[in-house]
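The values are calculated or read from the model by the stated rules, or taken from the named source; none is laboratory data. Just so we're clear, the structure is a prediction, and the values are computed from it rather than from any experiment. Note that each Cβ is placed from the backbone with ideal geometry, even for glycine, and that neighbours are counted across all protein chains shown.
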Amino acid sequence: MRLQDITACMSDFASEALTVQQAQEIIRQYIQPVCGMEKLTLRQALGRVLAADIISPINVPAHDNSAMDGYALHGEDLSGLQELSLKVVGTALAGMAFTGTIEAHQCVRIMTGAVLPAGCDTVVPQEFISKISDSEIRFTVGNLRIGDNRRLKGEDLAMGKIAIRKGKILTPADLGLLASLGLPEVNVQRRLRVAIFSTGDELRSLGEVLETGCVYDSNRYTLYGMLTRLGCDVLDMGVVQDDPEILEATMRSACENADAIITSGGVSVGDADHTRRMMERLGDIAFWSIAMRPGRPMAFGKINSLGKSAYFFGLPGNPVAVMVSFYFFARQALQQLMGADARPLPLITVKSDTAIRKRPGRTEIQRGILAMRDDGELGVSTTGSQGSGILRSMSEANCMIVLAHDQVSVASGDKVSVLLFDGLI
Ligand code: AMP
Ligand code: MG
């Protein structure tokens, strides 16, 4: 499907005034996941995308077992009695089951995790016991009911049920869960290969001399960091001059070697039209102006070269705009491309400790510092100057304050939505 097939179905589409949600929706409809998987051992699989549902091959736990240290008994012995005396006939340890048979009015000393002996369905915890000898215990029944302190076979996970769904990005808990099922290996999607380069004649790479009017290229480093956290392999193609031939050659080479290409700079209104014409020739590319700040201009689509294709994200040049556009558009798209269960960024609502000026009709993203105030409530304040070239504001921030499209100015004490950097991939 071409981009225009998607946008033709949107009643209020206008490439020169797209809302953040519209742009996200077009991207979501356009991206087709890449195919390819590999089998990895559990430790290697951390952070990778699960390629197929994991069906539990066993019951977890495998047997009914005790949730407490205490004494296992026949639940029927409890009925109607206030005080109960039982004969102790053996011991069940975790990993060493009691194999004998328990008669009525008998019990077995049992430890947490030990298999409940045949006939036992209830455990009286150690601390309920008022009198103990080697051969007998005495306790008050009180609130103890049949089935108390028993973990049922398969209650964590029943054999044949889905333990983890395809598309899950594997967490430490998932590795543990897979291990608990006895699975040493797992099928994951192959890693994405993402090519990056920066455009701009004023850009200098590290190690080069900085002449007047030039700046060091920082975008390739923020992009490298964000992509690496996302689990992508990064193909860094350096700085490319604002020259249509060099640009085309670089685009083609990136397309032939990567699943996606992310560039920065060169997509603003003032930028050379030859770039647009060249890109349009290479594939299906749209140039958008998104109602957001920072990060207004963006190019998106797919290019082709030598029978290969790659998705393309042409991000703006300003360093903060690059990061914001990456998080709002590229991140979820790349997760979708890698076959992951892509979810929108999780926002939390907190009080703003500062007044923020906001114009309705565009999404505004400010850099924020979220902190616990003296009254024990969370509050967020802005990092001060919010120019989209001020990368320091991003470095000092621990969150972004997301002011929605229709929102007006915020007074101190109003609630705002915040996107935490911590844990963001
Ligand atoms: P542009 O979108 O190309 O017009 O760039 C907007 C601003 O971002 C200009 O001030 C550029 O110098 C700056 N800029 C563009 N690319 C980079 C980069 N890779 N690293 C640092 N600054 C950049
Ligand atoms: Mg430029």
When the residues of region 198-229 are filtered to those that are without any contact (Cβ under 8 Å) to a residue 60 or more places away in the chain and among the β-branched types (Val, Ile, Thr), which remaining residue is farthest from ligand 2 (Cβ to nearest atom)?
THR228
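Need a quick list: strands (runs of 3 or more DSSP E) entirely within region 324-385 having at least 2 residues that are in contact with a helix residue (DSSP H, G or I) (Cβ under 9 Å, 6 or more places away or on another chain) and surrounded by 21 or more Cβ atoms within 10 Å (Cβ to Cβ). Full working, then the answer.
On the way: elements: 348-352, 363-372, 378-382.
By residue number, 363-372.
To keep it simple, each residue is scored yes or no on (1) free of Cβ contacts under 8 Å to residues at least 24 places away in the same chain; (2) touching a His at 6+ places or on another chain (Cβ under 6 Å); (3) farther than 21 Å from ILE164 by Cβ.
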{"residue": "THR19", "(1), (2), (3)": "no, yes, yes"}
{"residue": "LEU46", "(1), (2), (3)": "no, no, no"}
{"residue": "PRO57", "(1), (2), (3)": "no, no, no"}
{"residue": "SER85", "(1), (2), (3)": "no, no, yes"}
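Based on this model, can you work out whether VAL239 counts as within 16 Å of ligand 2 (Cβ to nearest atom), assigned to a strand (DSSP E or B) and farther than 20 Å from LEU337 by Cβ? Please lay out each step first, then the result.
Values: within 16 Å of ligand 2 (Cβ to nearest atom): yes; assigned to a strand (DSSP E or B): yes; farther than 20 Å from LEU337 by Cβ: yes.
Answer is yes for this residue.
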Restricting the search to region 264-278, which residues are crowded, with 19+ Cβ neighbours inside 10 Å and touching a helix residue (DSSP H, G or I) at 6+ places or on another chain (Cβ under 7 Å)?
SER264, GLY266, THR275
So which pairs qualify, if the first residue must be in region 239-253 and of a type in the set (A, V, I, L, M, F, W, C), the second must be within 15 Å of ligand 1 (Cβ to nearest atom) and in a helix (DSSP H, G or I), the Cβ gap must be under 9 Å, and the two must be at least 6 apart or on different chains?
VAL239/ARG220; VAL240/LEU247; VAL240/THR250; LEU247/HIS274; LEU247/THR275; LEU247/MET279; MET251/MET279
Based on this model, can you work out whether ALA333 counts as small (Gly, Ala, Ser) and touching a residue at least 24 places away in the same chain (Cβ under 8 Å)?
yes
Is there a residue being of a type in the set (D, E, K, R) and within 15 Å of ligand 2 (Cβ to nearest atom) anywhere in region 362-375?
no
Per-region count, region 255-293, residues outside any strand (DSSP E or B) and either within 13 Å of ligand 2 (Cβ to nearest atom) or at pLDDT 95 or above (or both):
16
Sole miss for GLY90 among (1) surrounded by 15 or more Cβ atoms within 10 Å (Cβ to Cβ); (2) in contact (Cβ under 8 Å) with a residue 40 or more places away in the chain is condition (2)
